[in-house]
Amino acid sequence: MRYETLKQLKDTDFKRLTGVQRKTFDLMLKAVEKGSRDFGRPTKLNRADQLLMTLMYWREYRTEFHIAQSYGISEATVCRTIQKVENALVRSGKFRLPGKKVLQASDTIFEGVLVDVSEQPIERPKKAKNGITAAKRSVTLKKRR
């Protein structure tokens with residue numbers, strides 16, 4: 001699926017498909033274009049398709065093999081492209097998730113409940129010295145003779 005085909009979608013359908021709004025996608029695209037270098041061999045996918053491929057990877061949990069088959073490129077190219085797009089988005093500073101410490105600073109009071117889970121004896125038949133096992137052994141020994 002190429003970005004050119006998504007341009008005709010409504011904003012609600014675009015968000016349903018990609019997981020981000022069109023404005024957010026445009027901001028992400030600008031960050032990727034700014035953070036990526038253009039040298040060497042030209043890529044088969046333009047920046048918009050690379051970003052769309054990364055969003056597809058994040059949203060749908062598709063394997064790199066399936067994405068590679070969809071776009072007609074190799075798995076290694078998919079992996080490299082996703083890493084490049086992720087790094088460009090992180091370097092831009094606009095698309096970072098809050099760290100662990102942000103979640104720790106909270107005014108929420110937690111209330112705990114303790115449950116006593118002490119051990120209980122299990123009812124099992126008592127072992128007898130000359131019980132059932134001895135009788136079974138004698139029967140099996142008689143059958144063998």
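The values are calculated or read from the model by the stated rules, or taken from the named source; none is laboratory data. Everything numeric in this text was worked out from a predicted model, so none of it was measured. Positions of Cβ are backbone-derived with ideal geometry, glycine not excepted, and every protein chain shown enters the neighbour counts. Surface accessibility is based on the protein's heavy atoms, side chains included, excluding ligands, DNA and RNA. Shrake-Rupley method; radii C 1.70, N 1.55, O 1.52, S 1.80 Å.
Brief remarks on what is shown
- Tabulated pairs, the stretch 1-16, first at pLDDT below 85, second not in a loop (DSSP other than H, G, I, E, B), C-beta under 6 angstrom, 6+ apart or interchain: Arg2/Asp49; Tyr3/Ala48; Tyr3/Asp49; Tyr3/Leu52
- Test: residue in the stretch 30-52 that is open to solvent by 90 Å² or more (accessible area, probe 1.4 Å) and at pLDDT 90 or above: yes
- Members of the stretch 17-29 found to be touching a residue at least 24 places away in the same chain (Cβ under 8 Å) and surrounded by 15 or more Cβ atoms within 10 Å (Cβ to Cβ), listed by number: Thr18, Val20, Phe25, Leu27, Met28
- Failed item, numbered, when Lys94 is tested on (1) open to solvent by 70 Å² or more (accessible area, probe 1.4 Å); (2) in contact with a Leu (Cβ under 8 Å, 6 or more places away or on another chain); (3) at pLDDT 90 or above: (3)
- If the condition is being in a helix (DSSP H, G or I), more than 10 Å from Arg2 (Cα to Cα) and without any contact (Cβ under 8 Å) to a residue 40 or more places away in the chain, then the stretch 52-67 contributes Thr54, Leu55, Tyr57, Trp58, Glu60, Glu64, Phe65, His66, Ile67.
- Tallying residues that are among the small types (Gly, Ala, Ser) and part of a helix (DSSP H, G or I) within the stretch 30-51 yields 3.
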